[in-house]
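The values are calculated or read from the model by the stated rules, or taken from the named source; none is laboratory data. None of the values given here were measured: they were computed from a predicted structure. FYI the Cβ positions are ideal-geometry reconstructions off the backbone, even for glycines, and counts take in every protein chain you see.
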Amino acid sequence: MLQQESEILATLRRCSTPLGVMEKILRDTETVADGTEVLEHLFQVEYPGMVRLAYTLVGSNAEAEDIVQDSFVEVSRRLDEIDKPGAYLRTAVVSRCRSALRRRRVMSQHPPEAPASLTNNANELWDVLAKLPEDQRIIVVLRYYGSYRSSEIAKIMDIPGATVRSHLRRGLATLRKDLGS
């Protein structure tokens, strides 16, 4: 038992969280027998901090949560190979954030082109739509191009109906202002 506890403690120390927290977790849970439990403890201790880190880097809570979840999946797949899961997790999160920012930069430098058959008014609308924040643009397009009701858009985007109406109102206000009508 003492051998197993010392191995568990060594594994938990490699998780790169404050040792006192990890020792408390060890005391609270009689034993940590396998990688699954180590991963669960790593998740409990590191998840909020990793989401804050990712949010600080990418500026989007939803994207930050996706990045952190993908990073935990990567850690879980390689847990047997990793000496310091916490450090590996942090590196994976930062790397994925950098990739997301790089992807954003490329997309902003090379925005999608308007279809060739558009009239001048439609081209102007296309340009203004491209400047809207992503959520507003998606909601405006779903509402007026896709003919979806607010309740349907809320289900599609998994957001409250009030948020859909708010984004729609703000997007339309921006369109009116930028189009000069």
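What are the residue pairs meeting all of these: first residue in the stretch 75-94, first residue touching a residue at least 40 places away in the same chain (Cβ under 8 Å), second residue not in a helix (DSSP H, G or I), Cβ atoms under 6 Å, and 6 or more apart or on different chains?
Once the first residue is touching a residue at least 40 places away in the same chain (Cβ under 8 Å) and sits in the stretch 75-94, its partners that are not in a helix (DSSP H, G or I) give D83/R14; K84/R14; K84/S16; P85/C15; G86/C15; G86/S16; G86/T17; A87/S16.
Keeping to the stretch 170-181, report how many residues are farther than 22 Å from S60 by Cα, among the small types (G, A, S) and assigned to a helix (DSSP H, G or I). Even if it seems obvious, please write down each step before you answer.
Initially, the stretch 170-181 is screened for residues farther than 22 Å from S60 by Cα, giving 172-173, 175-181.
Subsequent filtering for residues that are among the small types (G, A, S) retains 173, 180-181.
Those still in the list that are assigned to a helix (DSSP H, G or I) too: 173.
Adding up the residues that qualify gives 1.
If a residue has to be assigned to a helix (DSSP H, G or I) and surrounded by fewer than 17 Cβ atoms within 10 Å (Cβ to Cβ) to count, how many in the stretch 77-96 make the cut?
Residues in the stretch 77-96 being assigned to a helix (DSSP H, G or I) and surrounded by fewer than 17 Cβ atoms within 10 Å (Cβ to Cβ): 5 in total.
Per-residue answers, yes or no, for (1) farther than 18 Å from S60 by Cβ; (2) surrounded by fewer than 16 Cβ atoms within 10 Å (Cβ to Cβ); (3) of a type in the set (A, V, I, L, M, F, W, C); (4) free of Cβ contacts under 8 Å to residues at least 40 places away in the same chain:
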residue	(1), (2), (3), (4)
E134	no, yes, no, yes
L142	yes, no, yes, yes
Y145	yes, yes, no, yes
I159	no, no, yes, yes
L168	yes, no, yes, yes
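Tell me the residue from R104, R149 that is in contact with a helix residue (DSSP H, G or I) (Cβ under 9 Å, 6 or more places away or on another chain), among the basic types (K, R), modelled with pLDDT of 85 or more and not assigned by TED's automatic domain parsing to the domain that holds G59, please.
Testing whether each residue is in contact with a helix residue (DSSP H, G or I) (Cβ under 9 Å, 6 or more places away or on another chain), among the basic types (K, R), modelled with pLDDT of 85 or more and not assigned by TED's automatic domain parsing to the domain that holds G59 leaves just R149.
Could you grab me the full set of residues in the stretch 45-68 that are of a type in the set (S, T, N, Q), within 8 Å of the chain's Cα centre (by Cα) and farther than 15 Å from S99 by Cβ?
Matches in the stretch 45-68: N61 only.
Consider V164 against the criteria (1) hydrophobic (A, V, I, L, M, F, W, C); (2) over 25 Å from M50 (Cβ atoms); (3) at pLDDT below 90: it satisfies all of them except one. Which criterion is unmet?
(3)
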